[in-house]
Amino acid sequence: MKLWHTAALSVAVALSPSVMANTVHSVASFSVLADIVKNVGGEHVEVKSLVQPNGDPHTFEPSPKDSVLINKADVVFVSGLGLEGWMDRLVKSSGFKGDIVTASNGIKTRSMVEDGEKITDPHAWNSAKNGEVYARNVMNALIKADPADAKYFKKHGEAYIQQLEKLDVWAKEKMASIPEEKRKVLTSHDAFGYFGQEYNVKFLAPVGFSTESEASASGVGKLINQIKKEGIHTYFIENQTDPRLVKQIASATGAKSGGELYPEALTDAKGEAPTYVAAFEHNVNTMYKAMK
């Protein structure tokens, strides 16, 4: 019996997590955040996104399988700032007792008025500068979850953060090359506030921060007048929203289509924006081309 016990102990040691390659099983609330986790965690993380590519994080309705996913996770990543109104109920129903990491912690938030009420704008990742904060928070959470691979996460995380730093500088230079009076954009909903603040671009939208909001007739009328007054010639649709209202406004103002933007949902692997970096680059280039 002793010999068997010794052999079994040897096998257990050989297969223990400290010896084997670790994998942090994680769940992210939506596709942009899932991609950041994937880039920071590399081969030591498995990440599943609750909101699928081209899905709207505002109107997402969780299913029982999402509850199971969360229950089995080591770490759950959320963006926070009021984006995922459905998350607390989902976590409670899942029975998850692990760490919930808010990736936006430490970001200097901006406010906006929604239906006469002052609220926090949740779309912080649309500034690459804020993307760096997301990546650092993710990196620290993965190090906490799997200290044995701390060096790996640090190396991967810092390399990704440097990539986002370069992206931020590039975007600033690109937008600064457009005359300020031309840096005006019409989009479906108010998702580009942090982008506008960081890169000095003015955005107008028929509905507020959430795609669940509805535009009033008087609000649309005011927007049409403002677009005409400010001479905005281009509008953009978004991959996760219904484009009909923005097209109607464009028709009334004479604005032409500048293409599709990806403010809060990545595409699948075959699309134009399968990663956070690709989506950001696409958005900058598409706006630049239209404003130029």
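Rule-based calculations on the coordinates, nothing more; no lab input. Everything numeric in this text was worked out from a predicted model, so none of it was measured. Cβ: placed from backbone, ideal geometry, glycine included. Neighbour counts: every protein chain shown.
Applying the criteria of a DSSP loop state and at most 13 other Cβ atoms within 10 Å to the trypsin sites (Lys or Arg not before Pro) of the range 91-186 yields K97, K108.
Under 5 Å between amide hydrogens, built in the peptide plane, is the criterion, and for D190 it picks out V207, G208, F209 among residues at least 5 positions away or on other chains.
Cross-link partners of K174 among lysines, defined as those whose alpha carbon lies under 16 angstrom from its own and excluding same-chain residues fewer than eight positions apart: K129, K166, K182, K184, K202, K289, K292.
How would I70, I143 line up from fewest to most surrounding beta-carbon atoms within 10 angstrom? Please report the intermediate quantities before stating the final value.
Details: I70 22, I143 19.
Going from least to most buried by this count: I143, I70.
Which peptide among 48-54, 266-272 comes first, and what is the full order, when sorted by highest mean count of other Cβ atoms within 10 Å? Walk me through the numbers before you get to the answer.
Working: 48-54: 20.3, 266-272: 14.9.
Peptide ranking by packing, descending: 48-54, 266-272.
In this structure, the pairs whose alpha-carbon distance is over 31 Å, taken from K38/K65; K65/K151; K228/K270, are K65/K151; K228/K270. With a cut-off of 12 Å between beta carbons, the residues surrounding M112 carry a summed charge of -3, where Lys and Arg count +1 and Asp and Glu -1. When +1 charges are put on Lys and Arg Cβ atoms and -1 charges on Asp and Glu Cβ atoms, the dipole computed for the range 166-206 relative to its Cα centre reaches about 120 debye.
Listed by chain and number, the aspartates and glutamates placed with their C-alpha closer than 20 angstrom to that of K118 are E84, D190, E212, E214; residues fewer than eight positions away on the same chain are left out.
Distance between the 7 Å Cα→Cβ label points at K292 and A269: 3.2 nm.
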